[in-house]
Amino acid sequence: MPAERKYTWNDREKASELYVYQGATLEDVAEQLNIPLGTIKRWAADDNWQENQAQYWEVRRDTKLYLARAKLEILKQIVDSKDFSLATSAAAIIRADTSMKNSLSKQDVTQAADQISQAAKAKGLTPQKAEEIRNQILGILDDEQA
């Protein structure tokens, strides 16, 4: 009978990272690292991998949402500054930002687009230009559905 392999702390950390941060299943971790599934399951239970994974993804989601909302707030401030060419560019950048596409709800995007459009009109932007900016922001939703 072959001698039982001794695993290093590094092996355990690699396994944890695959599961917690990369979303691999326990079976995938065992296969990728060539470690018996029973060992992986024991490590996962001992080190609370499932709870750690849930916390990690929750924080990641919340952070992405916070950043997406902050970007929209920056866009609102640009509109308030009356630099509308910069507002159009910022809207295009935000639209292309894939992290925002995955973080914002349809309601968040629509509400922000409407607020930015109204602010632009109030600051003297033509209704057509304000609508163009609004449509660029709403393009986040179109890209999501594609």
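The values are calculated or read from the model by the stated rules, or taken from the named source; none is laboratory data. These numbers were taken from a predicted model, which means no experiment stands behind them. Here Cβ is always computed from backbone atoms with ideal geometry, including for glycine, and neighbour counts include all displayed protein chains.
Things worth noting here:
- Residue within the range 43-62 that is in contact with a Phe, Trp or Tyr (Cβ under 9 Å, 6 or more places away or on another chain) and exposed (fewer than 12 other Cβ atoms within 10 Å of the Cβ) present: no
- Residue check for Val20: surrounded by 15 or more Cβ atoms within 10 Å (Cβ to Cβ) and either touching a Gly at 6+ places or on another chain (Cβ under 8 Å) or modelled with pLDDT under 95 (or both): yes
- Residues that are farther than 30 Å from Trp57 by Cα and either modelled with pLDDT of 65 or more or of a type in the set (Lys, Arg) (or both) number at least 3 in the following helices (runs of 4 or more DSSP H) confined to the range 79-146: 84-96, 106-122, 127-145.
- Residues in the range 23-42 that are in a loop (DSSP other than H, G, I, E, B) and surrounded by 15 or more Cβ atoms within 10 Å (Cβ to Cβ): Ala24, Ile35.
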